[in-house]
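Notes to accompany the following structure.
The values are calculated or read from the model by the stated rules, or taken from the named source; none is laboratory data. Everything numeric in this text was worked out from a predicted model, so none of it was measured. Neighbour counts are summed over all protein chains in view; Cβ atoms, including those assigned to glycine, are modelled from backbone coordinates with ideal geometry.
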Amino acid sequence: MDFNNETEIVEAVAENYLNSPEIDLTNEYEALGQYNEKRFEDIPIPVIFTENDPYRDAEALFEGIEEDEELYIFSGGSSPEGMTDKQNLKGRAVHDYFGHYMNECDFSLEGEFTKWYNQKEDVPEGTEDLLFSEVVGQVALVHYLDGGFESPDYEQRSVLIDDDIQDGVIDYFLEN
């Protein structure tokens with residue numbers, strides 16, 4: 001699938017995320033959860049879990065890490081089946097530190113793609129597509145829905161983005 005702009009990507013990915021039938025990804029979530037546990041130990045600064053969303057943007061995340069030498073992680077929300085709450089929270093820390101901070105990418109669609117693209121080689125084999133759905137799929141959905149995360153239509157779903165859409169997103173961002 002060819003995309004001409006990010007608006008087309010948001011629509012295609014979000015609609016695919018919303019309309020795909022949910023599938024059993026328990027094994028993939030378990031593998032990703034175990035990865036989160038191990039990779040979390042490699043974060044070289046204290047991680048503090050908080051009920052408040054700690055960063056308004058990536059710049060605030062980077063500032064917090066560099067100036068305070070601490071990483072704050074939102075402790076709310078839900079966890080997917082196959083991953084414990086603890087593994088999910090540690091996964092958010094891994095996502096922010098090794099994804100956003102180490103790759104210097106923001107929270108935009110392109111930033112989330114960059115984070116996924118640079119982290120996909122590090123995750124367990126067979127979980128790359130799940131990580132794409134979790135990262136790029138969910139951020140596309142947030143941009144697509146009025147109200148983003150606060151929309152009554154927002155929910156984490158156990159789906160994989162179609163390969164042709166995923167390939168089109170990869171082509172778009174690597175070529176632009």
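For the reader, a short list of remarks on this structure follows.
- Some residue of region 64-77 being surrounded by 16 or more Cβ atoms within 10 Å (Cβ to Cβ), touching a strand residue (DSSP E or B) at 6+ places or on another chain (Cβ under 8 Å), part of a helix (DSSP H, G or I) and among the aliphatic types (A, V, I, L, M): yes
- Subset of region 46-66 [acidic (Asp, Glu) and within 17 Å of Cys105 (Cα to Cα)]: Asp57, Glu59, Glu63, Glu66
- Enumeration of residues in region 27-50 that are touching a strand residue (DSSP E or B) at 6+ places or on another chain (Cβ under 8 Å) and either surrounded by fewer than 17 Cβ atoms within 10 Å (Cβ to Cβ) or among the basic types (Lys, Arg) (or both): Ile45, Pro46, Ile48, Phe49, Thr50
- Search result, residues across region 78-90 that are crowded, with 16+ Cβ neighbours inside 10 Å and in a helix (DSSP H, G or I): Gln87, Asn88, Leu89, Lys90
- All of (1) under 19 Å from the mean Cα position of the chain (by Cα); (2) at pLDDT 95 or above; (3) part of a loop (DSSP other than H, G, I, E, B); (4) among the charged types (D, E, K, R) hold for Glu28 with one exception: (3).
- Criterion (part of a helix (DSSP H, G or I) and without any contact (Cβ under 8 Å) to a residue 12 or more places away in the chain) met by exactly one of Phe149, Phe113, Phe132, Phe98: Phe149
- Pick from region 152-176, criterion part of a helix (DSSP H, G or I) and not charged (D, E, K, R), ranking: surrounded by the most Cβ atoms within 10 Å (Cβ to Cβ): Val169
- Tally, over region 128-176, of residues that are modelled with pLDDT of 95 or more, under 14 Å from the mean Cα position of the chain (by Cα) and among the aromatic types (Phe, Trp, Tyr): 1
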